[in-house]
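Asker: Would you mind keeping the following structure in view while I ask a few things?
The values are calculated or read from the model by the stated rules, or taken from the named source; none is laboratory data. It should be emphasised that the depicted structure is a prediction, and the values quoted were computed from it without experimental measurement. Cβ placement follows ideal geometry from the backbone for every residue including glycine, while neighbour counts extend to all protein chains displayed.
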Amino acid sequence: MIPVALYLAVAAVIFSIGLYGLMTQRSGIRILMCVELMLNAANLNLVAFSSYHDDLTGQVFALFSIALAACEAAIGFAILMALYRMKDTISLDHINILRW
Amino acid sequence: MAVENLAFLIPVLPALAFVLTFFLGKKLPNGGSIIPITAIAISFVISLLITLKLLANPEEVVSQSYSWFAMLNIGILVDPLAAVMLTMVTFASLLIHIYSTGYMSHDKAPSRYFAETALFTASMLGLILSDNILQLFICWELVGVCSYLLIGFWFEKPSAATAAKKAFLTTRIGDVMFLTGIIVLFADLYKMFNGTIPDGVFILRFDEIFAHIPEIAAINSTILGMEVSHITLITLLFFGGAVGKSGQFPLHVWLPDAMEGPTTVSALIHAATMVTAGVYLVARTFPMFIAAPDSLMVVAYVGAFTALFAGTMGIVMNDLKRVLAYSTVSQLGYMMLGLGVGAAVGAEAVGISIFHLVNHAFFKALLFLCAGSVIHAVGTHDMRQLGGVAKVMPITAATMIIASLALTGMGIPGTSIGTSGFFSKDAIIESAYLFGESTGTWLPYLFSIAAALLTSLYIFRLVFMTFYGKPRTDYGGHESPASMTIPLSIFALLALIFGGLTAEKFNTFVSETFVNNFVHVDIHELATLGGYHLVEHAGHEPLLVLWMPLIVALAGLVIAYLVYGLKIVNMDSLVSRNNPIYKLLYNRYYQNSIFTNFVSVKVIYEGFAFAGRAVDRGFDWTVKWFSDLAIESGESLRQFQTGAVQNYATAVITGVSLLVILVKVVMEVL
C-alpha cells in the first residue's frame, strides 16, 4: 500500500503550483485554473485521509467539494467571458471597473 | 417692637419694590412709581428712627449677623456712619423718585426706569448696611450694574450705550483691585487662624478685621523690590476700588460721560449716592487706612489733585450736565482729601468727610434736579443756547442759586451762619491746613484752595450763562410741575440749613463710629502703627486760613459776574481754539484720547490682537502638524494598498507561512 505521506506530498506539490500560479499570473483563466489546482490538492488530501482511516465521510465530502468547484468554475468562466466581450481582454490588471 | 429689628427691611423693601414694579409697573399709572416711592418712604422712616435712637446713644449700634457658609456671614450693621448714610440715601432717593414721576412722564418706559432705580436704591442700602467686606463687595457690584443699566437707559442712543459700557469697564479696573484687596485680606486672616476657625467667628466681618489690624500690619511682602506692609497693600487696593467708583483721577473719565443717562439718574447715582460709595468704603475701613503707612497720604494727594484737576475742566464745558459732572468729581476729591487728612486729625476726618458727603448729596442732587428741570422745560442742555431762564422758571432759578451758594461754601467764618457747603468744605480745607502743618506737605492744601476758586468760577459761570442775560435762542419753556418743584424746594432748604443745624453734632456723632459695642478701635494707637502724628483740631489756625476759602469763593463769583453777568471783560480771545490752554482744557487734557485711542486701541486692542495672533499661530501650527502627519502617513501607507488581489494573496500566504514556521520553531524549542 502506498503510504499516505506520498499522497500528501503530491497534494502539497500541486497546491504549491497552484499557489505560485495564483500569485504570479495575470490572466483570469490561468488564475481560475490555479484555484482549481489548489482546490483539487485539498480534495486529494481528503480522499487520501478517508482511505487511510477507512471512513467514507471524507470521500463524500470530496464529491461535494468537486461539485462546488464545478459551479465556481462555471460562474468564473462566465464572468470572464462577459468581461472579454466588454473589454477585449481577460488580464486582471485591466479589469478594475468596480474600483474607485 | 423695637425699630432695630426692622433694620433689615431698609434694603429689602426697595428690592421688593423692584420686583413688583418690574412686573406690574406697566399696568399702573406713571409706570408704577408709587410702589418704589412707598417702599423707600418706609425705609426712610425706619432709617430716621434708628438714627435718632443712635443719636441718643451712639454706642448701641444695630448689629445682626447670620452664618452664610463656612467662615462667612451675612449681616447688617447700623452704626453712626451707616445711619447717616442710610438716612441720606433713602431721603435723596425718595425725593428724586418723586421728582422722576414728573420728569419721566413723557418717557416710553417709565416702569423700567422705576424698577431699576428701586433696585439701585436697594443695592446701595445693602452696601451701606453690610457688616462684612464681602457683602459690601457684592452690593458694590450690584450698584455698578444698576449704574450701567441706568446710564444706558436710553440704549437706542449709541452715545448712551457707549457711555454705559465705558462706565462699567472703567469702574471694573477699580473693582478688580478691590477684590484683590479682599482676597489678600482673607488670605492673611485665614493664616492667622491657622486654618481652623471657631464657630461663630466670621473673618471678613469688620470687627474681626479691625481686631487683627496690628497682625496684618506685621506681615510684609516684597513688591517690585519694595518692602510693603500688607495693611498698606490692602488699603491701597481698596482705595483703587474707591478711585474707580468715586471717579478719582485717573479713573474719573467715565463720570462725565455717564451724563448720557436721564438727569434724575445723574442726580441719584452720579451725584448723591453711588459715586460716594468709594468714600464710604474708605470711611468704613478707616481704622485700616490709619494703620497703614503712606496710604492716607496717597488718599489725600489723589483727592486734592482730583478736586483741582476736575475743577479746571469744569470751567470750559458748555454742557450744563457736564459742568455738574466735573463739579461732582471735584467734590468727591474734596471728600477723599477729607479722609486723607485723617493722617493729621484722626477719626475726625471720617466725620468731616461724611459731613461733606451728605451736604454734597443735598446740594449736588439739587443742582442736577435744577438742571433736569431746565432741560425738561427747554429741551437743551447746551448753555450757549440758554440764557435768561430765571424769568421763565423762577423757582428753579432760586433753588439753583441756593445750591450754587452751598456748593461754593458761602458763609461767615467764626459764626454759624452759612450754607451747608460752608461748614463741611471749610472743615476739609482747614484740616488740609492742619495736615500741611503736621506733615510738612502743603500741596493738598494749596490744591484745595485753588479748587475752591475754580468751583466758584464754574458754577457761577453756569448760573450767569443759563439763568441771566438775554435768551440766546428762542426756546420757549415753562416752570416745571409741582412734583418737580417741591423736591427742589425741600433740597434747597436742606442745602441752605442742614449744615448749620447739624455742624456741631455731626462730626462727633460720626467720629464715634469706631468706638461702640460692635467695633472698638483705638485710633491713636493705630495711627502710631501707621506712623502718623495726630494733632488736636483746636481751631488755632490763623485768621487768614479761616477766611481764605470764602475769599477765593467770592473772587470766583466776582470774576464770573464780570465775565458772564455784566460781560465787562471780554473773554473771546481766551476762549478760542487758538489758545493752547483752553484747547487743552476743552479737550479734557486729551485724557480721553489717550485712554481711548492709545491705551484702549493701541495697547490693549493691539496687544490682544498680537497675543491672539501668536496663540492663533501656535494652534494653527499644532493642528497643521497633526494633519500633515495624517496625510503623510496615509500617503506612504496607501502604497501598500495596490488594489490587486494577488498582492494581498501573496501577503496572506507569506504571513501564514511565517506563522507556520514560527509555530514549528516554537514547538521544537519547547
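Asker: Of all residues in segment B:622-648 being within 14 Å of chain A (Cβ to nearest Cβ) and hydrophobic (A, V, I, L, M, F, W, C), which is surrounded by the fewest Cβ atoms within 10 Å (Cβ to Cβ)?
Answerer: B:Val645
Asker: Sort through A:Leu39, A:Leu98, A:Leu83, A:Leu44 and tell me the only one that's closer than 23 Å to B:Ala649 by Cα, surrounded by 14 or more Cβ atoms within 10 Å (Cβ to Cβ), free of Cβ contacts under 8 Å to residues at least 60 places away in the same chain and over 14 Å from the mean Cα position of the chain (by Cα).
Answerer: Criteria check complete, one pass: A:Leu83.
Asker: Take the residues of segment B:280-301 that are touching a Gly at 6+ places or on another chain (Cβ under 8 Å) and closer than 14 Å to B:Ser353 by Cβ: which is surrounded by the fewest Cβ atoms within 10 Å (Cβ to Cβ)?
Answerer: Per the stated criteria, the residue is B:Leu281.
Asker: Being farther than 22 Å from B:Ala365 by Cα, part of a helix (DSSP H, G or I), among the small types (Gly, Ala, Ser) and touching a residue at least 24 places away in the same chain (Cβ under 8 Å) narrows it down to one residue among B:Ala15, B:Ala41; which is it?
Answerer: Answer to the selection: B:Ala15.
Asker: Any chance segment A:45-52 includes a residue that's more than 10 Å from every other protein chain (Cβ to nearest Cβ) and among the β-branched types (Val, Ile, Thr)?
Answerer: Taking segment A:45-52 first, the residues more than 10 Å from every other protein chain (Cβ to nearest Cβ) are A:45-52.
Cutting the leftovers down to among the β-branched types (Val, Ile, Thr) gives us A:47.
Yes; the residues of segment A:45-52 include at least one that is more than 10 Å from every other protein chain (Cβ to nearest Cβ) and among the β-branched types (Val, Ile, Thr).
Asker: If only one of B:Thr380, B:Thr399 is over 21 Å from B:Thr276 (Cα atoms), assigned by TED's automatic domain parsing to the domain that holds B:Phe460, in contact (Cβ under 8 Å) with a residue 12 or more places away in the chain and part of a helix (DSSP H, G or I), which one is it?
Answerer: The conditions single out B:Thr399.
Let's see how each residue does on (1) assigned by TED's automatic domain parsing to the domain that holds B:Leu268; (2) out of contact with any Asp or Glu (no Cβ under 9 Å at 6 or more places or on another chain); (3) in a helix (DSSP H, G or I); (4) at pLDDT below 85:
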| position | (1), (2), (3), (4) |
| --- | --- |
| B:Leu453 | yes, yes, yes, no |
| B:Tyr458 | yes, yes, yes, no |
| B:Gly469 | yes, yes, no, yes |
| B:Ile490 | yes, yes, yes, no |
| B:Gly500 | yes, yes, yes, yes |
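Asker: Checking A:Arg30 against (1) out of contact with any Gly (no Cβ under 9 Å at 6 or more places or on another chain); (2) at pLDDT 90 or above, only one condition comes out false. Which one?
Answerer: So the condition that A:Arg30 fails would be (1).
Asker: Now, a different point. Please indicate, with yes or no, whether at least one residue in segment B:604-621 is within 14 Å of chain A (Cβ to nearest Cβ) and β-branched (Val, Ile, Thr). Before the answer, list the steps.
Answerer: Quick first cut of segment B:604-621, residues within 14 Å of chain A (Cβ to nearest Cβ) only: none.
Within segment B:604-621, none of the residues are within 14 Å of chain A (Cβ to nearest Cβ) and β-branched (Val, Ile, Thr).
Asker: Please verify whether segment B:570-579 includes one or more residues that are more than 30 Å from A:Ser91 (Cβ to Cβ), of a type outside the set (Lys, Arg), at pLDDT below 90 and in a helix (DSSP H, G or I).
Answerer: No; the residues of segment B:570-579 include none that is more than 30 Å from A:Ser91 (Cβ to Cβ), of a type outside the set (Lys, Arg), at pLDDT below 90 and in a helix (DSSP H, G or I).
Asker: Does B:Leu179 meet the test of being assigned by TED's automatic domain parsing to the domain that holds B:Phe22, touching a residue at least 24 places away in the same chain (Cβ under 8 Å) and surrounded by 20 or more Cβ atoms within 10 Å (Cβ to Cβ)?
Answerer: no
Asker: Another question, then. How about segment B:59-106: which of its residues are out of contact with any Phe, Trp or Tyr (no Cβ under 8 Å at 6 or more places or on another chain), surrounded by fewer than 24 Cβ atoms within 10 Å (Cβ to Cβ) and assigned to a helix (DSSP H, G or I)?
Answerer: B:Ile98, B:Thr101, B:Gly102
Asker: Right, next: Kindly establish whether A:Leu8 is under 23 Å from A:Phe64 (Cα atoms), within 14 Å of chain B (Cβ to nearest Cβ) and not aromatic (Phe, Trp, Tyr). Show your work before the answer.
Answerer: Working: under 23 Å from A:Phe64 (Cα atoms): yes; within 14 Å of chain B (Cβ to nearest Cβ): no; not aromatic (Phe, Trp, Tyr): yes.
Answer is no for this residue.
Asker: When you go through B:Gly152, B:Gly102 one by one, which is the residue that is over 30 Å from B:Phe206 (Cα atoms), small (Gly, Ala, Ser) and more than 21 Å from the chain's Cα centre (by Cα)? Give the steps one after another, and end with the answer.
Answerer: On the way: B:Gly152 fails: more than 21 Å from the chain's Cα centre (by Cα).
Answer to the check: B:Gly102.
Asker: State whether the residues of segment B:441-448 include one that is crowded, with 22+ Cβ neighbours inside 10 Å, of a type in the set (Phe, Trp, Tyr) and either over 26 Å from the mean Cα position of the chain (by Cα) or at pLDDT 85 or above (or both). Lay out the reasoning, then the answer.
Answerer: Let us first name the residues in segment B:441-448 that are crowded, with 22+ Cβ neighbours inside 10 Å, namely B:444-445, B:447-448.
Within this subset, residues satisfying the condition of being of a type in the set (Phe, Trp, Tyr) are B:445, B:447.
Still in the running and either over 26 Å from the mean Cα position of the chain (by Cα) or at pLDDT 85 or above (or both): B:445, B:447.
Yes, segment B:441-448 contains a residue that is crowded, with 22+ Cβ neighbours inside 10 Å, of a type in the set (Phe, Trp, Tyr) and either over 26 Å from the mean Cα position of the chain (by Cα) or at pLDDT 85 or above (or both).
Asker: Further question on the same structure: Being more than 10 Å from chain A (Cβ to nearest Cβ) and at pLDDT 85 or above is the requirement here; does B:Thr654 meet it?
Answerer: No, not satisfied.
Asker: Let me ask something additional. Determine whether segment A:14-28 contains at least one residue that is more than 14 Å from chain B (Cβ to nearest Cβ), among the hydrophobic types (A, V, I, L, M, F, W, C) and either surrounded by fewer than 14 Cβ atoms within 10 Å (Cβ to Cβ) or in contact with a Phe, Trp or Tyr (Cβ under 7 Å, 6 or more places away or on another chain) (or both).
Answerer: no
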